[in-house]
Amino acid sequence: MRYVMESTDEARRLLVQERTGNAREALLLTGLQQGDRVLDAGCGPGGITEMIAELVGPTGHVTGLDLSEERLAQARQVNQRHAHVRFQPADVRRTGLPDAAFDYTWCQFVLQYVPDRWDALAELARVTRRGGKIVVSEFDGFGLGNWPCPEPLREWCLRFTDALQRTVGLDVHVGRKVFHAMRQMGLAQVRVHLLPQYVIAGTADASTYLDWETRFSALEPAVAPLLGGLEDYRGMCQKYLELLADPDALKYSVLLVTEGIRP
C-alpha cells in the first residue's frame, strides 16, 4: 500500500498536525484510562503515541504501528523517554499481533487511505479484547467547508476530491461511514463524537498555509493529469491558498470520532 501524501516534508507536517489537533480531547472523550494497553494503529511520527503514553502512565503500555520505517524512527525519537512504549512495522490490515491484546485501539487519519479499509477495521477489532474499545478518528469533507467560496473554486474542489478517490482511493468522506461499518461488524455501544478539526475565521496562519502547500505538492503527480494538467492544477491550488488567506472567509473541517466496544 503506497502512501500518496509522501514528501520530504511529510514527517514534519504530520507531527505538527498530531500536536495541534484535538487528539487529546478525543482520547479522553472515548474513555482512555491509566493502565490501559493501547494500540496506536498508523502512528506516524509518534506525536499522538506520546499523548497516549502520558495518559496511560507507566502502568499502561502503548504499541505503535506504521508501514514507514522512517516514521517509526522519528516516533522512537519522540518517545524515547517512555519505557512503556514500543514500535514495530506493520500493515493495519494484517498486523501480525495476537488476538485480544489491547484494551483500547486508536486509529486516526489512516482508513481514508486504505483501499480495503473495512478489513483493516476488522483487524483492529480482532486485536482488541472483549469489552475493549476501538476508536477511529477521521475527517468528513476535508477542505470543502469554506464560505464564501467562488463557484469555479468550489466546483474544482469537488473535482479534486473525486480525482483523489479515483486515482489513489483517498476518501475524504470516510468519517461518516465508520459508524455504519462498526454496526455491521457487530461492535456494541457504537457512538460518534463531533469535533472541529480546524476553524479558521479569517486569515489562516503560516503553519496551516504551509500544510496545504505540502498537500498540494505531494498530490500533484497523481491528480494534476485529471484536472486539466499541471498549469491548471497549480493555478487552482493557488486560488485555494488565496482563499485561506482571505480575512473575510470562513474555513472549517470536522472530525468524526467513532467508538465501539468489541462484544
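General observations
- Members of the stretch 219-263 that are among the acidic types (Asp, Glu), farther than 30 Å from Thr128 by Cβ and either touching a Gly at 6+ places or on another chain (Cβ under 8 Å) or at pLDDT 95 or above (or both): Glu231, Asp232, Glu242, Asp246, Asp248
- In the stretch 137-150, residue surrounded by the fewest Cβ atoms within 10 Å (Cβ to Cβ) [restricted to those that are at pLDDT 95 or above and hydrophobic (A, V, I, L, M, F, W, C)]: Trp147
- The set of residues in the stretch 54-78 that are within 22 Å of Tyr104 (Cβ to Cβ), in contact with a Phe, Trp or Tyr (Cβ under 8 Å, 6 or more places away or on another chain) and not charged (D, E, K, R) comprises Thr63, Gly64, Leu65, Leu67, Leu72, Ala75.
- Any chance Leu187 is loosely packed, with under 15 Cβ neighbours inside 10 Å, modelled with pLDDT of 95 or more and not β-branched (Val, Ile, Thr): no
- For Thr59, the conditions (1) β-branched (Val, Ile, Thr); (2) outside any loop (DSSP other than H, G, I, E, B); (3) at pLDDT 95 or above all hold with the exception of (2).
- Any hit, the stretch 114-136, residues being surrounded by fewer than 21 Cβ atoms within 10 Å (Cβ to Cβ), of a type in the set (Phe, Trp, Tyr) and more than 30 Å from Ile200 (Cβ to Cβ): yes
- Where strands (runs of 3 or more DSSP E) sit wholly within the stretch 84-172, those with at least 1 residues that are touching a residue at least 24 places away in the same chain (Cβ under 8 Å) and hydroxyl-bearing (Ser, Thr, Tyr) occupy 102-108, 128-147.
- Within the stretch 189-206, residues that are in contact (Cβ under 8 Å) with a residue 40 or more places away in the chain have Cβ atoms under 6 Å from residues that are surrounded by fewer than 16 Cβ atoms within 10 Å (Cβ to Cβ) in these pairs: Val190/Arg183; His193/Leu29; Val199/Tyr252; Ala201/Leu250; Gly202/Pro247; Thr203/Ala245; Thr203/Pro247, counting only partners at least 6 apart in sequence or on another chain.
- Tally of residues being closer than 23 Å to Val168 by Cβ and either in contact (Cβ under 8 Å) with a residue 12 or more places away in the chain or surrounded by 14 or more Cβ atoms within 10 Å (Cβ to Cβ) (or both) across the stretch 209-233: 17
- Residue check, Ala73 more than 18 Å from Ile261 (Cα to Cα), in contact with a strand residue (DSSP E or B) (Cβ under 6 Å, 6 or more places away or on another chain) and among the hydrophobic types (A, V, I, L, M, F, W, C): no
- For the stretch 3-17, the condition holds for no residue, the condition being that it is out of contact with any Cys (no Cβ under 7 Å at 6 or more places or on another chain), surrounded by 14 or more Cβ atoms within 10 Å (Cβ to Cβ), among the charged types (D, E, K, R) and modelled with pLDDT of 95 or more.
- Among the numbered conditions (1) in contact with a Gly (Cβ under 8 Å, 6 or more places away or on another chain); (2) within 30 Å of Asp205 (Cα to Cα); (3) crowded, with 20+ Cβ neighbours inside 10 Å, the only one that Asp36 does not meet is (2).
- Subset of the stretch 243-257 (residues that are of a type in the set (A, V, I, L, M) and either over 24 Å from the mean Cα position of the chain (by Cα) or not in a strand (DSSP E or B) (or both)): Leu243, Leu244, Ala245, Ala249
- Positions within the stretch 63-75 being in a helix (DSSP H, G or I) and surrounded by 17 or more Cβ atoms within 10 Å (Cβ to Cβ), in sequence order: Arg71, Leu72, Gln74, Ala75
The values are calculated or read from the model by the stated rules, or taken from the named source; none is laboratory data. Since the model is a prediction, treat every value here as computed from it, not as a measurement. Cβ atoms come from the backbone with ideal geometry, glycine included; neighbour counts cover every protein chain shown.
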